[in-house]
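Here the structure is laid out as C-alpha cells; the discussion comes afterwards.
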Amino acid sequence: MPGSVALHVDVLPSKSGPPQGTIFLVAGGPGQGSARSFDLRDPSYASFFGSLFPGWTLVAFDDRGTGDSGLLDCPALDYAEQTNPAADQSPSLIGGCADALGPARDFYATGDDVDDIDAVRQALGVDRIAIYGVSYGTKLALAYAAAYPDRVERLLLDSVVPLDRPDPFATDELEAMPGTLAAYCPGSSCSAATPDFPGDVVALANALAAAPLVGSVALAKGRTNVRLGAADFLQLVLSADLQPGLAAELPAAVRAARRGQPRPLLRLDEIALQGSIGVPSDLSLALYLATTCHDVPFPWQPQTPLGERASSLQATLAAAPGGLLGPFGPWASAIGPASTCLGWPSPAGGTVLAPHPFPDVPVLALSGGLDFRTPTSWAASVVAQFPQGHLLVVPGVGHSALTMDPSGCSQRVVLHWMYGATPPASCPRAKPLVTTVPAYPTHSPARLDAGATRSLAGLTLHDAEAIWLLAAGSGSGGLTAPGLDGGSVDAYRTSFVLERYAIAPGLTLSGVVRVSRAGAPVGFSGKVTVGGSAAAHERLTLRDGALVGSGG
C-alpha cells in the first residue's frame, strides 16, 4: 500500500565563478544512493565535482529505498551475495526478498524516481536543472528529460543506458564483449600473457558451461573452496571494466586456466569477491531487484505466474536467431535480468517509460572504450536523438569514464563543454595504471641463477602490484590476498606489505612497497628481500619500476 519516504538531500552551493544554475548528480545501480555515492560533505569529493561544474549548485539525494532514504534491505540476499554469489539469483531467495518487502515493492520503479527528482527540484525552488547521470543514473536522467522536458537545461551522461535497456538477456553486452576484450590489448600489450585474449575468454566461458572450475584458495582466514561456473566467470570479466587491477591480471589468469592451471583464475575470482563485499547502504540489492524486476521488458507478461516464466524464457531463447548472445551459448543469458527476476512476484516487467520527444538541450555522452556493461553503441543511439548531442569516447578507460579516467582528458572536455565549447569525438588512449601481468611460470628449476632470480622476482612483484590495485581499488584498504604459491600481500591505500609472497615454487618476496607516483602508470618504490629454496637470495630496491640490488 502507498506510504511516504523522506528523501535525504545534500546541496552544495557554488564557491567559485558566477552562478550558472543547479545540477543534480545521479548515481547508478539501481541501488546506489546519490548522496552517498557523490558524498558532497567530503572535502575531496566536493572539490572534485566543484571544479568540474564551477558556478553550479550541486545537488545529490539518496533515491527512495537507498542510503538514508528509507533503505530497502534483504539480509539473506546480502549474505548470499557475500558468501556465494551464484546463489543470489535463486528464485526462492529473490522471491523471499520480495515477500519481505511486501506490497510496497511496487513503488520503486524508474518512473517513481523520476517524480522524486522533480519533487526535489520543486522543493529547492529551481525552475530548470542540469543532470549528470552515471550508468543507471543516465537512464533516470533520460526518463526525467522525457517526462519533464521543460525542466531540463542540459544533460551529462556517463556510461549510457537507453530507456529501453537493459535487455532481458544482456544481448548487447554479450555481442560487444569480444571487441571490448580486444581493446584491452592494443598492439602487443597482452602478448606476454596470451596470444589471443578474446579467444581465450570465449573458449573458456563456453567450456565452463559444461565443466566448472573447482579448487581451493588460501586466504588469511584459511583455505576456501571456490567453484567458478560459466556465468560467474563472465561476471568476473564484466567486473574488469571497473577494476584496473583485475584487468591487468585477467589475461594471464585466463590463459593459465585454458592450459590446465585453474589456480590463478580461482584466486583472482576469490580476491575480487572479497574486495567487492559492501554494505546495503552503499548498494541496496533489494532496491536493485525492486526497480529492475519492475521495469525490464521480460519474455513473459507482467502477470504471468511464477511457474510459467521459465518455459517462456526458454521458448524465447530457442526461437532467437543465431548470434543473439554473441559467441556464447544459451547459458550466457543467465547474466541478464530475466534470469534474476524469475522468482520476483507479479507484476514483473513491462513498464513503459514516458515517451519522446526529448528536449532540444545540450547533451554530452561519455563512453569508456573498455566498458563491458554499457557499450558505446548505447551512447551513440542516445546522442543521435538530440540535435545538440555529442559523444566522447575515452579509450583505455572502463565504466564510469569521468571518474575512472586517470589522464584527466574527459574531465577537461566536460569542463569546457559546460562553458559552451564543442567537445572532441575522443580522448587519447589513457595509459593503464598497471600494465598487463605476463604469463605465470609453468615450472621452476631447482636452482635459479642471479639473472633468473631477478627476472622471477620482477614478475612476482608485478603480480603483487596488480593484486594491490585490485584490492585498493575496491575501497577495502587492509585486504589480505594470497600469493599463488604461498605467502600473502596486505594491501593498503598507498602501500602494500609482502610476507613471503610467491607465484612459483622456490622464490618468495618480503618487504614494504609504497606508491611513489600517482597517475598512470602508478610508480612504486620500496625494498624487498628475495628468499626461497631455489633463489639467489638478495635484498632488492625498487625504483622507477626497476629492481636493483646486490647479493644478500
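The values are calculated or read from the model by the stated rules, or taken from the named source; none is laboratory data. Quantities reported herein were computed from a predicted structural model and do not represent experimental measurements. Reconstructed Cβ throughout: ideal geometry from the backbone, glycine too, with neighbour counts over all protein chains shown.
Numbers for the structure displayed
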item	result
L155, sole failed condition from (1) in contact with a strand residue (DSSP E or B) (Cβ under 7 Å, 6 or more places away or on another chain); (2) within 29 Å of V237 (Cβ to Cβ); (3) among the aliphatic types (A, V, I, L, M); (4) not in a helix (DSSP H, G or I)	(2)
Within the stretch 420-434, tally of residues that are surrounded by fewer than 19 Cβ atoms within 10 Å (Cβ to Cβ) and within 25 Å of the chain's Cα centre (by Cα)	5
Lone qualifier among S410, S367 - being assigned to a strand (DSSP E or B), polar (S, T, N, Q) and crowded, with 23+ Cβ neighbours inside 10 Å	S367
All positions within the stretch 453-474 that are of a type outside the set (V, I, T), within 13 Å of A534 (Cβ to Cβ) and either in the same structural domain as D200 (by TED's automatic domain parsing) or crowded, with 22+ Cβ neighbours inside 10 Å (or both)	L456, A457
The stretch 325-352 residues that are at pLDDT 90 or above and of a type in the set (S, T, Y), paired with ones that are surrounded by 23 or more Cβ atoms within 10 Å (Cβ to Cβ) and in a loop (DSSP other than H, G, I, E, B) (beta carbon under 8 Å, 6 or more apart)	S333/F169; S333/A170
In the stretch 256-300, the residues that are assigned to a helix (DSSP H, G or I), touching an Asp or Glu at 6+ places or on another chain (Cβ under 7 Å) and surrounded by fewer than 23 Cβ atoms within 10 Å (Cβ to Cβ)	R258, L285
Yes/no for L213 being crowded, with 17+ Cβ neighbours inside 10 Å, more than 25 Å from L479 (Cβ to Cβ) and outside the structural domain of L470 (by TED's automatic domain parsing)	no
Failed item, numbered, when Q303 is tested on (1) outside any loop (DSSP other than H, G, I, E, B); (2) at pLDDT 90 or above; (3) of a type in the set (S, T, N, Q)	(1)
Hits in the stretch 306-319 - residues which are at pLDDT 90 or above and either over 32 Å from the mean Cα position of the chain (by Cα) or of a type in the set (F, W, Y) (or both)	E308
Residue within the stretch 81-97 that is touching a Pro at 6+ places or on another chain (Cβ under 9 Å), modelled with pLDDT under 95 and either buried (at least 21 other Cβ atoms within 10 Å of the Cβ) or not assigned by TED's automatic domain parsing to the domain that holds T403 (or both) present	yes
Contacts under 6 angstrom Cβ, first residue in the stretch 523-537 being assigned by TED's automatic domain parsing to the domain that holds S510, partner among the β-branched types (V, I, T) and buried (at least 18 other Cβ atoms within 10 Å of the Cβ), 6 or more apart	F524/V513; G526/V513; G531/T508; G532/T508; A535/T453; A536/T453; H537/V530
Sole exception among (1) surrounded by fewer than 20 Cβ atoms within 10 Å (Cβ to Cβ); (2) within 27 Å of the chain's Cα centre (by Cα); (3) assigned to a loop (DSSP other than H, G, I, E, B) for W331, by number	(3)
Residue match in the stretch 227-241 (condition: at negative phi, without any contact (Cβ under 8 Å) to a residue 12 or more places away in the chain and either touching a Gly at 6+ places or on another chain (Cβ under 8 Å) or surrounded by fewer than 17 Cβ atoms within 10 Å (Cβ to Cβ) (or both))	no
